[in-house]
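Worksheet for the structure shown next.
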Amino acid sequence: MVKKYDLYLAKDGAIATLFFNRPEKRNALTFDMWKKMDELLGEVEQDRNIKVLILRGIDETSFAAGADISEFKTLRYSAEGANTYNQATLKAEEKLARLSKPTIAMIQSYCVGGGCELALACDFRFADTTGMFGITPAKLGLIYNLPGTKNLVDLVGPSNAKDILFSGRIIKADEAYHMRLIDRLYEPEKIIERTYEYAELIAKNAQMSVRGSKTIIQEVLNGEIKEQDEVARLVLSSFESEDYKEGVSAFLEKRKPKFTYS
């Protein structure tokens, strides 16, 4: 059987899955994978049929165990090369964080370094009890980027962020859950079923509402405390949508709505 690409997108109805497919390397991320990720995320954004994106490893052995160390002595061994690499990772992470559609990191086993950065850029992080988390620049003599650090602080607070970054230690799933690094914690045999069930729940709702909420929550995280004109227009536009009319009709008729917006 021919192995698929190290990173590939699979679509099943309204749910798309971005698979990390280097199990022999614990799905360590290469420069080419970061560039491909940017391309695939653009495809997800443009595909009107996709309503939710799940990121996961190809099997239970790892989500993603960080950067491919072999590239530290090649592409990333100088400031110039590191800048090229860092720009690729930042571009992909930002595109993931700004994706208009909801995203879920489904985490099994290792979620370290760049893998943890990607999980932080998702809307949700669902893990099973084998999950192991860490961000380890302190063990490599590096400094973590600002967007990734902000995502971390937003989730776990400054003290826990300092603990994670200063120590570089590996955190087990139960501790990660209690410090709010992850949102849901499942037994290994349940995580796939529960993750895709939740994705389907989101996909059945009015997507104008879902994506509008995501936009406004991001504005809050960016520090906005007043409703700017663009957000006000976004809110008011929902009252003129077909989905709003369908939602009201379904509620009054005591039936499930059939939303059409995508």
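Observations on the structure shown:
- Among residues of segment 79-103, those that are surrounded by 14 or more Cβ atoms within 10 Å (Cβ to Cβ), touching a residue at least 12 places away in the same chain (Cβ under 8 Å) and among the small types (Gly, Ala, Ser), counted: 3
- Selected residue (only one of ILE143, ILE192, ILE182 is open to solvent by 20 Å² or more (accessible area, probe 1.4 Å), outside any helix (DSSP H, G or I) and either at pLDDT 95 or above or among the hydrophobic types (A, V, I, L, M, F, W, C) (or both)): ILE143
- Restricted to segment 4-90, the set of strands (runs of 3 or more DSSP E) holding at least 3 residues that are modelled with pLDDT of 95 or more and within 14 Å of GLY113 (Cβ to Cβ) comprises 62-64.
- Checklist (1) modelled with pLDDT under 75; (2) in a helix (DSSP H, G or I); (3) farther than 27 Å from ALA14 by Cα; (4) open to solvent by 50 Å² or more (accessible area, probe 1.4 Å) applied to ALA232, failing item: (4)
- Applying the criterion of being more than 13 Å from ARG56 (Cα to Cα), in a loop (DSSP other than H, G, I, E, B) and out of contact with any Pro (no Cβ under 9 Å at 6 or more places or on another chain) to the residues of segment 115-136, the residue that is most open to solvent (accessible area, probe 1.4 Å) is THR136.
- Scope segment 158-179; condition in contact (Cβ under 8 Å) with a residue 12 or more places away in the chain and assigned to a helix (DSSP H, G or I); matching residues: ASN160, ALA161, ILE164, LEU165, PHE166, SER167, ALA173, ASP174, ALA176, TYR177
- Scope segment 199-209; condition closer than 11 Å to PRO102 by Cβ, buried (at least 19 other Cβ atoms within 10 Å of the Cβ) and aliphatic (A, V, I, L, M); matching residues: ALA199, ALA203
- Which numbered condition LEU152 misses (of (1) at pLDDT below 95; (2) open to solvent by less than 40 Å² (accessible area, probe 1.4 Å); (3) not basic (Lys, Arg)): (1)
- Selection status of ALA105, under 23 Å from LEU165 (Cβ atoms), in contact with a helix residue (DSSP H, G or I) (Cβ under 8 Å, 6 or more places away or on another chain) and not in a helix (DSSP H, G or I): yes
The values are calculated or read from the model by the stated rules, or taken from the named source; none is laboratory data. These numbers were taken from a predicted model, which means no experiment stands behind them. Quick reminder, even Gly has a Cβ in these numbers, built from the backbone with ideal geometry, and neighbours come from all protein chains shown. What goes into the accessible areas is simple: the full protein's heavy atoms, side chains included, and nothing from ligands, DNA or RNA. Shrake-Rupley method; radii C 1.70, N 1.55, O 1.52, S 1.80 Å.
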